[in-house]
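Novice: Encoded as structure tokens, here's the structure I'll be asking about.
The values are calculated or read from the model by the stated rules, or taken from the named source; none is laboratory data. What you see is a predicted model; the values in this text were computed from it and never measured. Ideal geometry is used to build each Cβ from the backbone, glycine not excepted, and the neighbour counts take in all protein chains shown. Only protein heavy atoms, including side chains, enter the accessible area calculation; ligands, DNA and RNA are left aside. Shrake-Rupley method; radii C 1.70, N 1.55, O 1.52, S 1.80 Å.
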Amino acid sequence: MNRAELADFLRRGRARLSPSDVGLTPGARRRTAGLRREEVAQLAGMSVDYYTRLEQSRGPRPSRQMLAALARALRLTADERDHLFHLAGEEPPRRETASTHVPPGLMLILDRLHDTPAQVVTDCGEVLAQNTMARALTHDVMSRPRGERNLLRLYFLDPEARTLFPEEDRADHARAHVANLRAVAAARPDDPEPAALVAELRSSSEEFTRLWDEHEVSLRHRATKRFRHPVVGLLDLDCEVMLSHEHHQLLVIHTARPGTESYERLQLLRVVGLQDMSVGKP
């Protein structure tokens with residue numbers, strides 16, 4: 001059980017909610033934002049003293065029933081609820097490390113996606129395989145030395161990596177990267193890979209450190225992303241994520257909606273391929 005992290009997560013979860021968010025009357029004017037400790041305790045069906053001790057890193061290990069009650073009280077998402085359980089040491093045992101071997105079946109799917117960008121990455125962001133379209137869209141990451149294939153390391157430590165995205169979108173990408181790594185690190189506390197990546201980025205990036213200290217958590221999900229390609233221009237693409245739990249790997253696929261300008265540009269990218277990738281890095 002990580003008492004300090006659990007306490008921090010509870011405090012931040014409480015601070016982001018207002019009484020109206022949880023069906024309570026706002027009452028008198030408050031000196032600070034968020035719910036009061038007694039309100040969270042009331043919603044979770046526990047004593048104020050017990051909840052206070054959890055927030056002060058001195059409480060006993062909560063039961064699974066108590067954790068579920070806290071998740072409901074704090075209106076946690078499914079990812080955040082799982083994170084809460086991990087911090088309390090209640091997640092069932094899992095594989096210790098993520099495999100870097102892409103299963104043949106996953107490679108077969110990747111190979112057949114010849115008309116849309118797709119790549120396989122670990123849940124820590126290491127690129128394991130790319131198809132031709134992915135290399136055309138986001139550059140040939142696999143041509144780099146293995147230590148330089150991690151998307152988070154590139155995003156936070158290589159300024160040119162961000163040229164793939166419009167400037168106004170970059171803060172959201174950074175926040176999503178950190179929130180995902182936070183969830184992965186909590187799920188595999190004995191795995192040295194996420195812990196080492198966190199330590200490296202905290203020591204090298206002030207932005208990463210600031211976002212990490214905000215304690216947001218969210219796994220990678222379906223989203224819409226914008227890419228700036230040096231040849232075909234701006235593309236609005238739907239990002240689909242298929243998860244392989246056994247290997248801690250993700251198949252990430254980017255598609256464009258038929259009839260849109262982005263769809264036409266993606267078709268052009270298929271023709272252009274890797275002919276002109278001289279601008280920017282992954």
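Novice: Mean separation of Cα pairs under 8 Å and 6+ residues apart, divided by the residue count of segment 1-94: what relative contact order is that in percent?
Specialist: Reported relative contact order: 37 percent.
Novice: In percent, how large is the relative contact order of the chain, given Cα pairs closer than 8 Å and 6 or more residues apart?
Specialist: This gives 18 percent for the chain.
Novice: Using a 1.4 Å probe, what is the accessible area per residue for segment 139-282, in Å²?
Specialist: In whole numbers, segment 139-282 has 51 Å² accessible per residue.
Novice: Given contacts defined as C-alpha pairs under 8 Å and at least six residues apart, what's the relative contact order of segment 132-282, whole-number percent?
Specialist: Computed value for segment 132-282: 29 percent relative contact order.
Novice: With a ≥ b ≥ c taken as the square roots of the eigenvalues of the C-alpha gyration tensor of segment 161-248, please select rounded if a/c is under 1.5 and otherwise prolate if a/b is larger than b/c or oblate if it is not?
Specialist: Verdict is oblate for segment 161-248.
Novice: How much length is gained on full extension from residue 11 to residue 175, taking 0.36 nm per residue of separation minus their Cα-Cα distance?
Specialist: 57.1 nm
Novice: Something else now. Let's test the formula: R0 of 41 Å, r as the Cβ-Cβ distance of residue 257 and residue 1. What FRET efficiency results, to the nearest 0.05?
Specialist: Calculated value: 0.35.
Novice: While we're here: At 7 Å along the Cα-to-beta-carbon direction for both residue 234 and residue 207, put a label point, then send me their distance in nm to one decimal.
Specialist: Modelled inter-label distance: 1.9 nm.
Novice: Run the simple label-point estimate for residue 112 and residue 226 please: 7 Å along Cα→C-beta, distance reported in nm.
Specialist: 3.4
Novice: Between residue 264 and residue 157, how high is the FRET efficiency from 1/(1 + (r/R0)^6) when r is the Cβ-Cβ distance and R₀ = 45 Å? Nearest 0.05.
Specialist: 0.85
Novice: I need the shape label for segment 10-141. Rule: rounded when a/c is under 1.5, else prolate if a/b > b/c, else oblate, with a, b, c from the alpha carbon gyration tensor.
Specialist: prolate
Novice: Okay, next question. Viscosity 0.692 mPa s, temperature 37 °C: Stokes-Einstein D of the chain from its Kirkwood Cα radius, in µm² per second?
Specialist: It comes out at roughly 158 µm²/s.
Novice: Stretched out fully, how many nm does the piece from residue 214 to residue 90 gain, at 0.36 nm a residue minus the Cα gap?
Specialist: This chain segment gains 42.4 nm when fully extended.
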